[in-house]
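Novice: One structure follows; several queries about it will come next.
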Amino acid sequence: MLSLVDVKLDLPEKENLIKGVSLDIAPGKLTVITGPNGGGKTSIAKLIAGIFVPTSGKIILDGEDITQMSVTERAKKGIAYAFQSPVSFKGVTVRKLMSISAGADMPEMKMCRILEKVGLCARDYMDRDMDSRLSGGEMKRIEIATVLARPARYILFDEPEAGIDLWSFASLIDAFEVLKKEEDRALLIISHQERILDIADDIIVINDGIVTQKGTRDEVMPTLAKSGARAYCPRGKEMF
């Protein structure tokens, strides 16, 4: 279990960014954090990953206080973070990047299985460079593959739909559907896309630095619709 206990965050450019958030992320579930832009969603993800350190409160991972641990230390503990915009690595192949992520040379068979999970043919991609010749959707799916190559139990995705086409978005949904069935992993996705919310087990709504709602998908979705906080849009479109 990954838990935030009364976590608060002040930054030089904005005080009271996070105003006392408590929540639990359990393995075997896909949890989506949603809410209006600027409400604190990405800040929560960065607090969990160790990019931000709380002003007060605690972050507990499987009973251990990791509040003051660095990004590297948390990665070793099993937390992986996929950024909103994947980074290009000129001269580095997909094969090399995945081996770096795994911490050792990765057998081709294992690499094939991981790339297949994100809808990519390993033969076509293993020896391609991670540069601008890849589309946004390809970059995003390869980044997810590198995250899966790590021995991580808690995986955070920050708006994985950002900057990709509808076809790639559909493939991402398929990948998340497969991943959520792995009971030893916890998936946490920051998003306000209807199709991602539709496959969530739990939904947490963050607004103005606090948790305004949390519960199962069936509990939260109707409440969002009734409150007017959510406007139904075509699938693949943002909802806040």
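No value in this document is a laboratory result; all are computed from the given coordinates. Note that the structure is a prediction, hence the values are computed from the model and not measured. Positions of Cβ are generated from backbone atoms using ideal geometry, with glycine treated the same way; all protein chains shown enter the neighbour counts.
Novice: If r is the Cβ-Cβ distance from Ala26 to Arg133 and R0 is 41 Å, what FRET efficiency results, to the nearest 0.05? Can you show the working numbers first?
Specialist: On the way: r = 39 Å, r/R0 = 0.96.
That pair, Ala26 with Arg133, gives E of 0.55.
Novice: Here's something else I'd like to know. Rounded, prolate or oblate: pick one for segment 84-152, where a ≥ b ≥ c are the square roots of the eigenvalues of its C-alpha gyration tensor, a/c under 1.5 means rounded, and failing that, prolate if a/b is larger than b/c, else oblate. List each step's numbers first, then the result.
Specialist: Values: a/c = 1.36, a/b = 1.32, b/c = 1.03.
It comes out rounded by the Cα gyration axes.
Novice: Have a look at Ser132, Ala170, Ile60 and report the one farthest towards the positive end of the charge dipole of the chain, computed about the Cα centre with Cβ charges (Lys/Arg +1, Asp/Glu -1).
Specialist: Farthest towards the positive end: Ser132.
Novice: Using the Cα centre as the reference, give the magnitude of the dipole from point charges on the C-beta atoms of segment 84-152 (Lys, Arg: +1; Asp, Glu: -1; all else neutral), rounded to the nearest 20 debye.
Specialist: On the way: 12 positive and 9 negative charges, 23 e Å.
Value, rounded to 20: 120 debye.
Novice: Still on this structure, I have one more. Give the calculated FRET efficiency between Asp124 and Asp165 to the nearest 0.05, with a Förster radius of 22 Å applied to their Cβ-Cβ distance.
Specialist: Working: r = 18 Å, r/R0 = 0.81.
Computed FRET efficiency for Asp124 and Asp165 comes out at 0.80.
Novice: Along its principal axes, what span do the Cα atoms of segment 17-71 show, with the longest given first and each in whole Å?
Specialist: Result for segment 17-71: principal-axis Cα extents of 31, 29, 19 Å.
Novice: What lysines could a cross-link reach from Lys29, if we take a straight Cα to Cα line under 17 Å and drop same-chain neighbours fewer than 8 places away?
Specialist: Lys180, Lys181, Lys214
Novice: Next question, about the same structure. List the relative contact order of segment 84-152 as a percent without decimals, with contacts defined as Cα pairs under 8 Å and 6+ residues apart. Mind showing how you got there, number by number?
Specialist: Details: 74 pairs, mean separation 33.0, N = 69.
That works out to 48 percent.
Novice: Mind counting lysine pairs for me in segment 42-130? Cα separation below 30 Å, and the two need to be 8 or more apart along the chain or on different chains.
Specialist: 21
Novice: Counting only DSSP beta bridges with both residues in the chain, what percent are antiparallel, rounded to the nearest 5? It would help to have the intermediate numbers written out before the result.
Specialist: Numbers: 23 of 40 bridges.
Once the DSSP bridges in the chain are tallied, antiparallel ones form about 60 percent.
Novice: Here is a follow-up. So what's the back-of-envelope 222 nm ellipticity for the chain, counting only DSSP H runs of four-plus at -39500 (n - 2.57) apiece and dividing by all residues, rounded to 500? Present the calculation step by step, with values, prior to reporting the outcome.
Specialist: Details: 9 runs with 83 residues, N = 240.
Using -39500 (n - 2.57) per qualifying helix, the result is -10000 deg cm²/dmol.
Novice: Okay, moving on. Can you grab the distance from the C-alpha centre of segment 53-123 to the C-alpha centre of segment 136-185, Å, no decimals?
Specialist: 11 Å
Novice: In addition: Once label points are set 7 Å from the Cα along Cα→Cβ at both Ser70 and Thr216, what is their separation, rounded to one decimal in nm?
Specialist: Computed distance between label sites Ser70 and Thr216 equals 4.3 nm.
Novice: Related question: With the contact rule set at Cα under 8 Å and sequence spacing of 6 or more, what percent relative contact order holds for the chain?
Specialist: On the way: 463 pairs, mean separation 64.9, N = 240.
Relative CO of the chain lands at 27 percent.
Novice: Please turn the phi angles of segment 103-118 into ³J(HN,Hα) values with the Karplus equation 6.51 cos²θ - 1.76 cosθ + 1.60 (θ = phi - 60°), one per residue in order, whole Hz, x for glycine and proline.
Specialist: Residue by residue, segment 103-118 yields x, 6, 4, 9, x, 4, 4, 5, 4, 4, 5, 5, 5, 5, 4, 9 Hz.
Novice: Sort the following peptides by mean Cβ neighbour count (other Cβ atoms within 10 Å, averaged over residues), highest first: 215-222, 192-199, 72-79. Present the calculation step by step, with values, prior to reporting the outcome.
Specialist: Working: 215-222: 14.0, 192-199: 19.1, 72-79: 16.8.
The most tightly packed comes first, giving 192-199, 72-79, 215-222.
Novice: Let me ask another. Using a simple charge model, +1 on the beta-carbon of Lys and Arg, -1 on the beta-carbon of Asp and Glu, nothing else, what dipole does the chain show about its Cα centre, in debye to the nearest 20? If you can, show how the numbers build up before the last one.
Specialist: Details: 33 positive and 35 negative charges, 41 e Å.
Dipole of the chain, to the nearest 20 debye: 200 debye.
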